[in-house]
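Structure, as structure tokens:
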Amino acid sequence: MKQSYYRGCLLGLAVGDAMGYSVDSRSWAEIQEDYGPNGLLGYDLANGYADVTSYTQLAAFTCNGLLLGLTRGQMLGKMAPFVKYIGLSSREWAISQRPWGRPEKNFCWLSQTPELCRRHCMDTRMLDILNRDPLGTPEEPVNNYAHPGALSTAIGVGLFFDRRRMALSETERLGAEAVALTHGSPLAFLTGAMLTHIISLCLRHPDVPLKALVKHAMAGLREQFGHQYSQVFEICAAVRSAIAYAESPDLNWQEVMERIECYDSAQVLAGAVYACLASGEDFDRAMILAVNHSGRSAAVGAITGAILGARMGEEALPEFYIECLEPGEVLRELADDLYHGCTMEKGSRLFDLDWDRKYLHGGR
């Protein structure tokens with residue numbers, strides 16, 4: 001694994017999120033009316049910067065929470081289940097989205113970074129859920145939301161995967177639990193499990209064709225959840241259709257994206273898989289495919305960018321996408337922390353002051 005893949009995943013996610021935000025949930029006809037017959041071909045910049053939304057923010061806060069839990073476990077010798085730290089960090093992100101009632105104490109150092117706390121929530125219902133107890137689980141959902149609003153938390157879980165900490169099936173389960181905190185439809189949290197699996201494999205097997213990795217993730221989803229949830233087969237059918245569409249070069253890509261629809265979580269993942277494969281894993285072309293449709297453009301763009309960034313690394317992302325990405329440096333720092341992990345342990349003489357500041361003292 002290369003450090004560059006971790007950076008590429010978070011930066012690619014942010015690029016797709018920022019590009020898709022400009023046209024999110026607008027019809028294809030409206031997009032063409034504003035940007036021309038070929039649609040949006042790059043950022044629609046605000047004040048010279050590309051703004052990211054809650055898709056990037058939630059993924060980043062998920063990473064922060066997981067590293068907080070890991071650090072407490074290694075340095076203090078005690079920790080709660082990892083999903084508890086995802087819930088804690090998600091709640092802290094929700095607090096960052098309101099202009100009032102900011103607490104004096106925080107656990108996530110990202111709460112101190114304005115560029116990842118801007119109020120750009122793509123599913124405002126999450127804010128209400130994150131301000132109430134209890135949060136959801138796959139077994140006890142708090143609602144039946146299938147919207148992709150929390151899907152990017154699964155990307156953070158996929159980046160955190162390490163065979164020395166947990167098996168891939170456990171990571172997949174954690175991806176489902178992360179999404180289920182706020183989105184209780186099996187279509188949402190099972191898609192999260194599959195996305196976690198894909199991201200984990202992309203980091204570790206960049207030379208294996210993406211189609212094979214996606215099929216491996218579908219098999220993992222069926223094996224772990226297929227006996228309990230019929231929605232597994234609905235998700236797999238959507239993704240298989242996306243693969244089949246990508247293997248039919250005579251199809252018009254825009255018509256395919258409209259056919260996929262890209263509204264609920266399963267459709268969003270299918271749209272991202274199609275954009276990756278139909279573009280030949282060309283990042284720039286994949287971004288254009290991922291955002292130009294009538295569905296959730298920011299969500300499809302974010303997941304497409306994360307998958308290709310994890311496969312190709314930071315150096316493969318075109319510079320014109322990165323140079324005006326406001327949270328770029330913060331995402332690089334977070335990606336590097338994920339790559340290296342906590343190097344300190346209880347009783348060890350090794351001490352990292354900056355890591356201690358970020359992951360034990362909330363950045364203070």
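Some points to look at:
- Straight-line reach from residue 215: taking Cα to Cα under 18 Å and skipping same-chain neighbours fewer than 8 places apart, the aspartates and glutamates in range are 172, 207, 223, 234, 247, 281.
- Lys/Arg +1, Asp/Glu -1 at C-beta; the chain dipole; positive extreme among 208, 339, 238: 339
- Extension gain for residue 240-residue 316 works out to 24.7 nm (0.36 nm per residue, less the C-alpha to C-alpha distance).
- Once you reduce the stretch 107-169 and the stretch 231-293 to the center of their Cα atoms, the two points are 24 Å from each other.
- Cα principal axis extents for the stretch 64-166, largest first, Å: 37, 34, 24
- Taking the chain as a Gaussian network of alpha-carbon nodes connected by springs under 10 Å, the highest mean-square fluctuation of the residues 124, 53, 182 belongs to 124.
- Descending principal axes extents, the stretch 1-112, alpha-carbon based, whole Å: 59, 42, 24
- Calculated over the stretch 291-356, the projected area of the Cα convex hull averaged across directions stands at 6.6 nm².
- Just checking the listed ones, 50, 302, 178: in the Gaussian network model of the chain with Cα springs under 10 Å, the one fluctuating most is 50.
- Partners of residue 84 within straight-line reach, counting aspartates and glutamates whose Cα lies under 12 Å from its Cα and excluding those fewer than 8 residues away in the same chain: 177.
- Secondary-structure-derived ellipticity at 222 nm for the chain, considering helices only, amounts to -18500 deg cm²/dmol, per-run term -39500 (n - 2.57) for DSSP H runs with n ≥ 4.
- For the chain, with +1 on Lys and Arg beta carbons and -1 on Asp and Glu, the positive-most of 193, 271, 70 along the dipole: 70
- To the nearest ten degrees, helix 297-312 and the longest principal axis of the Cα atoms of the chain are 70 degrees apart.
- Helix 54-76 axis, angle to the chain major axis (alpha carbon atoms, nearest 10°): 30
- Take every Cα pair under 8 Å whose residues are at least 6 apart in sequence, average their separation, divide by the length of the stretch 13-137, and the relative contact order is 23 percent.
- Remark: the stretch 71-222 carries a charge dipole of roughly 260 debye about the Cα centre, counting +1 on each Lys and Arg Cβ and -1 on each Asp and Glu Cβ.
- The stretch 113-191, relative contact order [Cα under 8 Å, separation at least 6], %: 40
- Electrostatic bookkeeping for residue 146 treats Lys and Arg as +1 and Asp and Glu as -1; over the other residues with beta carbon under 13 Å from its beta carbon, the sum is -2.
- Vicinal HN-Hα couplings computed from phi for the stretch 326-334 (Karplus, 6.51 cos²θ - 1.76 cosθ + 1.60; Hz; Gly/Pro x): 4, x, x, 5, 5, 5, 4, 4, 5
- The stretch 173-225: mean projected area of Cα convex hull, nm²: 3.4
- Among residues other than residue 298 with Cβ under 14 Å from its Cβ, the summed charge is -2 (Lys and Arg +1, Asp and Glu -1).
- Relative contact order for the stretch 114-257: 21 percent, from Cα pairs under 8 Å spaced at least 6 residues apart, divided by residue count.
- As a calculated quantity, the FRET efficiency between residue 78 and residue 353 at R0 = 25 Å, using C-beta atoms, amounts to about 0.70.
- The slack between residue 119 and residue 32, meaning 0.36 nm per residue of separation minus the straight C-alpha distance, is 28.6 nm.
- Rounded to the nearest 20 debye, dipole of the stretch 4-49 from Cβ charges on Lys, Arg, Asp, Glu: 260
- Between 278, 286, 237, the Gaussian network model of the chain with springs among Cα atoms under 10 angstrom shows the greatest mean-square fluctuation at 237.
- Rounded to the nearest 10 degrees, the inclination of helix 82-96 to the longest alpha-carbon principal axis of the chain is 80 degrees.
Bear in mind that the values in this text are calculations on the coordinates, not laboratory data. For clarity, every value in this text was computed on a predicted model and none was experimentally measured. Virtual Cβ from ideal backbone geometry, glycine too; neighbours counted across all protein chains shown.
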